[in-house]
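Note sheet for the following structure.
Just so it is clear, none of the values below were taken in a lab; they were calculated from the coordinates. Note that this is a predicted model, so its numbers are computed, not measured. Cβ coordinates were reconstructed from backbone atoms using ideal geometry, including for glycine residues, and neighbour counts include every protein chain displayed.
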Amino acid sequence: MKYIYVISVLSCFLLNCKQVEKEKRKDIFVISDTLLIPVDNTVSAVGNYYNFNYKGKDGEVLVVPSLNNELLFFNMGKSSLIKKIRLQEEGPDGIGTFGNVNIVSEDSIIINGSNPLETYILDKRGSKLSTFSMAKNEDLKSRGIVGQPTTSLLWIDKKVIAFAQTNLLTNKLGENYYQLNVKALTALNTETSKYEMLPIKFPTNMSDGSGFWDVFHFTPSVAILNKSLYYTFPGSDSLYSFNLITNQRKQVSASSINLKEGNGVFEKNFTTITEMFKIYAENCSYVKILSDRYNNRIYRIIAHPTDKWKNSGNMNDVLISKPFSIQVFDTDLNFLGESGIFPKNSFDAIDSFVAEKGLYISNNHPSNPKVDEEHLSYSIFTLKK
C-alpha cells in the first residue's frame, strides 16, 4: 500500500511538472499592438537586420538603413521620419559598406564599415569624428569586426563591445577550421583608443579544430543590461552573463523545452558548404539575445529545425527559413518560460528589438506573400501578467 501511495504521489508530481512546463511554454507573450511606419522605395520593408533603436529627447526612435547608404531616423510614436544621415562610401569620410551601428548621443553614432579593423564615430552629418584601428593590436590585427545580422556594436561607459571574428586555419588533414580556442569579445576604450579582449571564450565543445565549421554558427549574440553582458553562441544551448564591474561570470544550460529529443546542439562535423547548410537547417540554434530594461528580462530567440530551406549560399537565408521560439530569463539567468514555436515564415525574428511597449518582431518575412512593402511592420509582444 505504501508503494502504491509513493507511486501515486510521484505520478502527480510528474504530471504537475508537465503542466507547469506546458504553461511556461504556452502563456508567456500576448501580441498587444502593431507598429507601422510608412516607407518609400528607398527602404526595404524586409530584412532590416542592422537597425537599432534608442530613447531620444522627443521619444523612442527606430533607425533603419536605406538602399541609398543612409540611416533613417523614425519617431516610433508618430511613425514619422525625423532625419537622415548620409554615409559616405569613399573619400575622407568614407567607410565603405556599413554593418552594425549604435547610438553614442543625439548627434553621433558608432559604426563599422568595410574595413574589419576599423570602427568609427560619425556626427549627425555622417562626417568622421574618430577612427579606431585594430592594426597595431597583436591579438586583433588578423581578426577584426564584421557586422552580421545577429551581432551588434554595444556602447557603454564610452566603450564599444563587439565580437572579434576568428581566424581561418588549416589542420594536418588540410581541412579548414575556425580558431575557436580564443577570446570572443573585444572592448574598445574610445577615450584611449585601446582595445582589450574580455575574458570570454568560446565554449570548449567548439574549439577542437577538427573540421570545417562556419564561423556564423558560433557568432555570439550579445546584449547589455545593468552593467552586465548577456550572450549566447548559436551552436551551444548555454546562456551566459558577464559583469563588467566585477568580471563575475555565470553559465546556465538552457535547452529549448520545445525540443522533442536531445538538446539541439551542433555535434556533427562536415566538409562541404552544402553539408554545413543542411546541418544548420536540421538543428536547433540559439541565435539572438535581447535585453528588456523595462522589465529586467532577457529574451533569447531559438531557431528550430526545418527540412525545407533556401540554399542560396547565404547563411542568413537558412536561418530565417527556420521556425522559432522565444525563451525568457531574469537577470540572474533563471529560466522563466518559453513560447511555443511560431510557424516558419510568419515573423522575421532576426529583425527584432525591445522598446518601452515590448518586444518588436517584424511581420515582413521575405517568404511571406503578404509582405507589406509600404510599411516597416512590427508586432509588439508583451509579457503576459
Spacing of the two label points (7 Å from each Cα toward its C-beta) at Lys128 and Gln179, in nm: 2.6 nm
Note down, for the range 275-384, the three equivalent ellipsoid semi-axes (square root of 5 times each alpha carbon gyration tensor eigenvalue), biggest first, whole angstrom. 24, 18, 10
Which whole-Hz ³J(HN,Hα) couplings does the range 225-240 yield from phi under the Karplus relation 6.51 cos²θ - 1.76 cosθ + 1.60, θ = phi - 60°, glycine and proline marked x? 7, 6, 6, 10, 8, 10, 8, 9, 10, x, x, 9, 7, 6, 10, 10
Dimensions of the chain along principal axes (Cα, Å, largest first)? 85, 57, 44
List, in the order given, every pair from Lys128/Lys159; Lys124/Lys183; Lys288/Lys370; Lys183/Lys227; Lys57/Lys124; Lys158/Lys194 whose Cα-Cα distance in the structure shown is over 23 Å. Lys124/Lys183; Lys288/Lys370
A correct Karplus calculation of ³J(HN,Hα) over the range 334-344, with 6.51 cos²θ - 1.76 cosθ + 1.60, θ = phi - 60°, whole Hz and x for Gly and Pro, returns 6, 6, 10, x, 8, 5, x, 7, 6, x, 4
Tell me, what are the semi-axes, in whole angstrom and largest first, of the equivalent ellipsoid of the range 49-97 as set by the roots of 5 times the Cα gyration tensor eigenvalues? 23, 10, 9
Projected onto the charge dipole of the chain (unit charges on the beta-carbon of Lys, Arg, Asp and Glu, signs +1, +1, -1, -1), the Cα from His375, Ser228, Phe74 with the largest positive-side position is that of Ser228
Spin-label proximity, Thr42 to the range 58-84 - amide N less than 16 Å from point 7 Å beyond Cα toward beta carbon: 63-75, 80-84
On full extension of the chain, what length is gained from Lys201 through Thr97, given 0.36 nm per residue of separation minus the C-alpha to C-alpha distance? 34.6 nm
Taking the 0 to 90 degree range and rounding to the nearest ten, how far is the long axis of helix 273-282 tilted relative to the main principal axis of the chain, both from C-alpha atoms? 50 degrees
At Asp332 and Glu60, where each label point lies 7 Å from the Cα along Cα→Cβ, what is the point-to-point distance in nanometres? 2.8 nm
Contact order normalised by residue count of the chain, Cα under 8 Å, 6+ apart, percent: 15 percent
If you take the beta carbon distance between Lys308 and Glu138 as r and set R0 to 56 Å, what does 1/(1 + (r/R0)^6) give as a FRET efficiency, to the nearest 0.05? 0.80
Mind listing the phi-derived Karplus ³J(HN,Hα) values for the range 345-356, rounded to whole Hz, using 6.51, -1.76 and 1.60 with θ = phi - 60°, and x for any glycine or proline? 6, 7, 10, 9, 5, 6, 8, 8, 6, 10, 9, 4
At 222 nm, what value in deg cm²/dmol follows for the chain if DSSP H runs of at least 4 each add -39500 (n - 2.57) and the sum is divided by all its residues, to the nearest 500? -3500 deg cm²/dmol
Please compute one quarter of the surface area of the Cα convex hull for the range 96-190 and express it in square nanometres. 7.1 nm²
Based on alpha-carbon centroids, what's the gap between the range 318-371 and the range 89-116 in Å, whole number please? 27 Å
Most to least packed among 185-193, 246-254 [average Cβ atoms within 10 Å]: 185-193, 246-254
Spin-label point model (7 Å from Cα, Cβ direction): what's the Ser346 to Lys84 distance in nm? 3.7 nm
